[in-house]
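Worksheet: one structure, shown below.
The values are calculated or read from the model by the stated rules, or taken from the named source; none is laboratory data. The shown structure was predicted, so the numbers you read here are calculated from the model rather than taken from an experiment. Don't worry about glycine lacking a Cβ; one is built from the backbone with ideal geometry, like all the others, and counts go over all protein chains shown.
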Amino acid sequence: MKIIDTVAALQLAVTEAKQQGLSVGLVPTMGALHEGHASLIRQCVAENQLTVVSVFVNPTQFNDPKDLQHYPRTFEADAQLTASLGGDIVFAPSVEDIYPQEDKRVFSYPPIDTVMEGARRPGHFNGVCQIVSKLFDMVSPDKAYFGEKDFQQIAVVRAMMRDLGYKFELVPCPIVRETSGLALSSRNALMSEDERVLATNIYRTLRESAVFSQAHTVEETQQFVVNQLNALEGLEVEYYEIVNGETLQTVTSWEDAAQIQGCITVFCGARPVRLIDNISYR
């Protein structure tokens, strides 16, 4: 496995692979890799002849400087994990190499990027589109792999791909959870053991709400989730939206869409740590 830290070296390596007729897969990450990332890398390795894993904490998608400062960084472990899974290249560039000058491009895909995370983290999805489009252009992959925990992010990236004319495949990969049900996240490392136990209530409540929803309205189900979690000391729901899985617009009836998704963000613990999760209702 190679560790590459410049755009020029990455493009050279990918060009050589393509000249040999190799298929190329991309797994974009911000590092602090866990089993969720590992599942993406495994699938990429299984489906492509060259796997590129990017490890880059992208400053343009953080609207809170403290969040950027505290984001966990574990590069040596990330490289070891990637190598153990059969990855071929870890791309770990500097901020200066990715952004030699300020990226002033503006990406806007309403209403998909203006609700939920988009409404509460101004500029976040613009930053996501900036870095993802750069990676797409550098690698020109045959397939790119994203985790479904970031449900809204996948929808935004799909919109960007349509807008910019990318023709390759975006591969969504299922959420990986601890045995407790807690969705794996790099941010989990910021929680104490007690806080991690507390956070398991998020998915437990979402699962309970799926049963609850069979005999209750959308509004009642939404309130059930919010009330259950806010009743627990140390948890505070930032939002819980039940939405059309394609448009991400809120629904008022279970018959409003073929795919209905519940998307949640919860603050957990003393710091607090901001956790996201989602569940499919229909």
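Condition check ((1) of a type outside the set (Ser, Thr, Tyr); (2) closer than 18 Å to residue 234 by Cβ; (3) in the same structural domain as residue 106 (by TED's automatic domain parsing); (4) touching a Leu at 6+ places or on another chain (Cβ under 9 Å)) across all residues:
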site	(1), (2), (3), (4)
144	yes, no, yes, yes
147	yes, no, yes, yes
154	yes, no, yes, yes
161	yes, no, yes, yes
165	yes, no, yes, no
193	yes, yes, no, no
196	yes, yes, no, yes
Completion exercise
Filtering helices (runs of 4 or more DSSP H) wholly in region 76-177 for at least 1 residues that are touching a Ser or Thr at 6+ places or on another chain (Cβ under 8 Å) and charged (D, E, K, R) gives 95-98, 117-120
Practice task
May I ask you to verify whether residue 127 is over 19 Å from residue 265 (Cα atoms), surrounded by 14 or more Cβ atoms within 10 Å (Cβ to Cβ) and not assigned by TED's automatic domain parsing to the domain that holds residue 250?
Solution key: yes
Problem - For residue 261: the one exception among (1) within 30 Å of residue 55 (Cα to Cα); (2) free of Cβ contacts under 8 Å to residues at least 60 places away in the same chain; (3) in contact with a Gly (Cβ under 6 Å, 6 or more places away or on another chain); (4) assigned to a strand (DSSP E or B) - result: (2)
Practice task
Go through region 223-258 and give me each residue that's of a type outside the set (A, V, I, L, M, F, W, C) and part of a loop (DSSP other than H, G, I, E, B).
Solution key: 233, 234, 245, 246, 247, 249, 252, 253, 255, 256
Exercise for the section: Inspect region 130-138 for any residue being exposed (fewer than 13 other Cβ atoms within 10 Å of the Cβ), modelled with pLDDT of 95 or more and assigned by TED's automatic domain parsing to the domain that holds residue 36 and give the result as yes or no. Expected result: yes
Exercise for the section: Go through region 59-75 and give me each residue that's in a helix (DSSP H, G or I) and either surrounded by fewer than 18 Cβ atoms within 10 Å (Cβ to Cβ) or not hydroxyl-bearing (Ser, Thr, Tyr) (or both). Expected result: 59, 61, 65, 66, 67, 68, 69, 70, 75
Fill in the blank from the handout: The residue that is surrounded by the most Cβ atoms within 10 Å (Cβ to Cβ), considering only those in region 14-37 that are closer than 25 Å to residue 59 by Cβ and of a type in the set (A, V, I, L, M), is 27
Handout entry: residue 177 at pLDDT below 95, within 23 Å of the chain's Cα centre (by Cα) and closer than 28 Å to residue 78 by Cα
Key = no
Practice task
Kindly indicate whether any position in region 2-13 is within 21 Å of the chain's Cα centre (by Cα), hydrophobic (A, V, I, L, M, F, W, C) and surrounded by 14 or more Cβ atoms within 10 Å (Cβ to Cβ).
Solution key: no
Handout entry: Verdict on residue 109 being under 25 Å from residue 142 (Cα atoms) and hydroxyl-bearing (Ser, Thr, Tyr)
Key = yes
Exercise for the section: Mind telling me which of the residues 77, 92, 119, 46 ends up being in contact with a strand residue (DSSP E or B) (Cβ under 6 Å, 6 or more places away or on another chain), assigned by TED's automatic domain parsing to the domain that holds residue 160 and modelled with pLDDT of 95 or more? Expected result: 92
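Which residue, of 220, 208, is surrounded by fewer than 20 Cβ atoms within 10 Å (Cβ to Cβ), free of Cβ contacts under 8 Å to residues at least 12 places away in the same chain and part of a helix (DSSP H, G or I)?
Details: 208 fails: free of Cβ contacts under 8 Å to residues at least 12 places away in the same chain.
Of 220, 208, the one residue that is surrounded by fewer than 20 Cβ atoms within 10 Å (Cβ to Cβ), free of Cβ contacts under 8 Å to residues at least 12 places away in the same chain and part of a helix (DSSP H, G or I) is 220.
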Handout entry: Selection within region 29-58 - in a helix (DSSP H, G or I), out of contact with any Cys (no Cβ under 9 Å at 6 or more places or on another chain) and closer than 17 Å to residue 153 by Cβ
Key = 37
